[in-house]
1. In what sequence, largest accessible area first, do 47, 36, 199 appear using a 1.4 Å probe?
2. I'd like to know which of 92, 102, 81 lies farthest towards the positive end of the charge dipole of the stretch 62-104, counting +1 on Cβ of Lys and Arg and -1 on Cβ of Asp and Glu.
3. Can you classify the stretch 71-148 as rounded, prolate or oblate using the Cα gyration tensor, where a ≥ b ≥ c are the square roots of its eigenvalues, rounded means a/c under 1.5, and otherwise it's prolate if a/b beats b/c and oblate if not?
4. Pairs of Cα atoms under 8 Å, at least six residues apart: use those to get the relative contact order of the stretch 282-362, whole percent.
5. Could you list the residues of the stretch 187-219 with an amide nitrogen less than 14 Å from a label point located 7 Å from the Cα of residue 172 in the Cα-to-C-beta direction?
6. Let me spell out the model: positive unit charges on the Cβ of Lys and Arg, negative unit charges on the Cβ of Asp and Glu, origin at the Cα centre of the chain. What dipole size does that give, in debye rounded to 20?
7. Would you look at the GNM of the chain, springs on alpha carbons closer than 10 Å, and say which of 117, 326, 83 moves the most?
8. Excluding ligands and nucleic acids, what accessible area in Å² is computed for residue 131 using a 1.4 Å probe, to the nearest 10?
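The values are calculated or read from the model by the stated rules, or taken from the named source; none is laboratory data. No experiment lies behind these values; they were computed from the predicted model shown. Here the Cβ positions follow ideal geometry from the backbone for every residue, glycine too, while neighbour counts run over all protein chains shown. Just so you know, the surface numbers come from the protein's heavy atoms only, side chains and all, with ligands and any DNA or RNA stripped out. Shrake-Rupley method; radii C 1.70, N 1.55, O 1.52, S 1.80 Å.
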Amino acid sequence: MATSEAAVSRSEIVNKYTELDQRGIVIAEYIWIDSEGNTRSKTRTLEPRDDGKQWDVETLPIWNFDGSSTGQAPGENSDVYLRPCAVYPDPFRKGDNILVLTECWNHDGTPNKYNFRHECAKLMQAHAETKPWFGLEQEYTLLDMTDRPYGWPQNGFPAPQGPYYCGVGAGRVVQRDIVESHLRACLYARVKISGTNAEVSKSQWEFQVGPCEGINMGDELWIARYILARVAEDFGVKVSLHPKLIPGDWNGAGMHSNFSTKEMREEGGMKAIEAAIKKLETRHLEHIAVYGEDNEKRLTGRHETGAIDQFSYGVANRGASIRIPREVAAKGYGYFEDRRPASNADPYRVTGVLMETIFGAV
């Protein structure tokens with residue numbers, strides 16, 4: 001009871017300040033991706049624009065941070081610049097406050113080594129006429145402060161997968177309040193989140209983003225990841241994107257990529273789908289190289305995964321590298337699903353290499 005009262009008291013204290021009038025000042029949270037694929041952020045206040053309009057990527061100032069503290073620059077030359085590339089309403093501060101997704105650039109005007117958005121954006125622009133649509137399914141695991149998945153026994157493992165996928169009820173799912181809070185926060189931020197569900201291991205969940213066109217896919221997913229980390233932070237919970245957190249008889253976490261072009265979505269599009277898959281087969285290893293760390297622990301050829309060293313495809317086959325949904329095969333047009341990316345893969349690299357393989361490098 002004392003803990004609950006303390007939590008309420010703290011919330012009341014915080015609300016006393018967050019409800020204060022900001023006097024027209026906009027709070028901008030600048031967000032970037034570090035050398036290990038984690039989101040980082042820092043806060044900046046902005047005066048209202050002289051023309052009365054809202055801040056956007058064209059008018060927001062370029063900022064910087066200490067890259068030596070994030071593995072993105074040496075200590076003797078540590079300034080890394082943050083260039084705004086997308087803006088979203090802030091679901092945490094609300095009002096006119098904003099989340100600012102940024103790209104990292106070096107002092108000499110070159111993209112930082114870990115700025116994968118830059119090359120992806122060039123590919124999307126070069127092949128914009130194909131109207132590429134992406135949908136990404138992000139799986140993740142919720143951990144306590146000892147890095148143990150919630151709901152797992154302290155000295156063992158839960159029952160094998162089966163009751164947890166899309167499960168309902170105590171003993172089947174845990175931390176649904178985090179999932180619901182994340183969904184609402186993404187909707188407030190105008191992220192194109194399209195669904196959520198419990199996954200095959202207890203404490204493992206998934207959300208889907210898309211369909212998004214071109215570079216917007218990577219932007220939306222990174223903001224959704226940032227929002228998830230912030231929501232979980234409020235609950236004192238960790239988020240893991242590791243593809244195979246704990247060895248055992250459970251699926252590893254993936255980030256399946258649904259892909260289509262204008263030609264694939266039109267009558268007779270199956271011909272374009274099959275041609276694209278043939279190209280993907282020739283560059284299987286190049287894709288695996290950018291589809292996430294420790295992916296070999298997930299792509300074992302078991303538990304609805306294809307083997308990491310083999311390329312395969314099929315209709316409604318969740319054990320293949322590429323799955324063509326049954327309704328797509330029946331209609332003769334639509335999209336295909338690349339099931340190879342791990343949950344910790346960078347969405348810019350995943351969507352970028354798909355475009356490069358199917359339509360050519362820039």
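1. 36, 47, 199
2. My answer, from the dipole projection, is 92.
3. Verdict is rounded for the stretch 71-148.
4. So the answer I get is 29 percent.
5. Counting backbone N atoms under 14 Å from the label point, the list is 197-203.
6. The dipole of the chain has a size of about 820 debye.
7. The residue with the greatest mean-square fluctuation here is 326.
8. Rounded to the nearest 10, that gives 90 Å².
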